[in-house]
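Every number in this text was worked out from the coordinates using simple rules, so none of it is lab data. All values derive from a computational prediction rather than experimental measurement. Cβ sites come from the backbone with ideal geometry, for glycine too, and all protein chains shown count toward neighbours.
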Amino acid sequence: MKLYRVLFLFIIYNLTAQYKPIETVYFDFDKYDLTESQTKIVNKFIKSIDTTKVESIQIYGYCDDRGTDDYNFRLSHDRVNTIQSLLVSSGFKESKIVILEGKGRVVVRPDTVENLYETRLRNRRVDLILVKRNSFGKDIYTSFKDKLKVGDKIYLENIMFDMGSARLTHSSKKELDRIALTLQKQKNIQFEIRGHVCCTPEIYSDGIDKHTRERRLSWNRAKTVFYYLSSKKVSKNRMTYQGCGNKFPLKKGDNYDRRVEFLITKI
C-alpha cells in the first residue's frame, strides 16, 4: 500500500519500436505542484534526454473522476503547466513543446472497477510523449526543417485520425496551426498532401470513411488537411492532395499508418 500513498510516481516505459516513448508524472489528489524532491526526480529525467534526437514533446494532463468537469479541466491544465514550466526552467527548449493540453477527468464507473483507489491514482497524471527526430528512414522528416529538398517527405506524429475517420482531432488542429505559421514564413515551399490508411485488406485500394460511407478514406484525410491549411491562409496554389490508400505502410503500428504526409514538390 505504500506505493499508492506516495505523492509522486515517475515511470519510464521502455516501449517497443512501434510506440512513442511515454513518460508519466503522477500527482496526489487535488494537487498540481511538486515538492523539491519530486522536482529533482523530474530534472534527472530531463538531463537523461538526448535533445539532439528529440524532435518535439507533447504534454497531456488528466484527473481522476471526482469533482466537476470545469474544475478538473482547470486542474489538468495546471498540472500540464507545472511540468512545462519545469522543463523550460531546466533547459528544455520551449519551441520543442508543441502540444499542451489538459484533458480533464478520466470517467470511470466505480461499480465496475476492481481497484478504484489504484485506478484513480493512475488517472491523476501528466503524460509526456517524446517524438524522435527523423526516425522514419532516409528523406523522411518530422518537421519542416530549414534545408528541405524536392522529394523529401514530412510525417508529423501529432496529426492523427481515429479509425475510419477523416476528421481532425483537437490535437491535430493544434499541430496544423503550428505548421501553417511555419509555411507562412517559408513561402517558397510547395507540397503534396498524401493521405494513408491502416488495416484495410489488400484486395481494396482504400478504406471506408465511416462518416461518408465512401471508400475514399485516404483521399478524405488529405483533403481535410488541405482545406484546413487553406483556412489558415496557406495558399491553395502551393498545395495539392491525393489518397494513397494502404500502399505505403510504415510498419510501425496502425496508429502510424492513419496519417498524412507532406511530399515536397518545389522549393
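Numbers below:
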| read-out | value |
| --- | --- |
| Neighbour cut-off at most 12 other Cβ (10 Å), DSSP loop, GluC sites (Glu not before Pro), segment 160-266 | GLU202 |
| Chain lengthening between ILE49 and VAL113 when straightened (0.36 nm per residue, less Cα-Cα) | 19.5 nm |
| Convex hull projection area averaged over all views, segment 66-130, Cα basis, nm² | 5.2 nm² |
| Shape of segment 145-200, Cα gyration tensor, a/c cut at 1.5 | oblate |
| FRET efficiency for GLU36 and THR212, using Cβ-Cβ distance with R0 set to 35 Å, rounded to 0.05 | 0.05 |
| Trypsin sites (Lys or Arg not before Pro) lying in DSSP loop within segment 187-227, provided at most 14 other Cβ fall within 10 Å | LYS187, LYS210, ARG213 |
| Computed Kirkwood radius, in angstrom, where 1/r is averaged over Cα pairs of segment 148-263 | 14.2 Å |
| Volume per residue of the C-alpha convex hull in segment 39-92, rounded to whole Å³ | 90 Å³ |
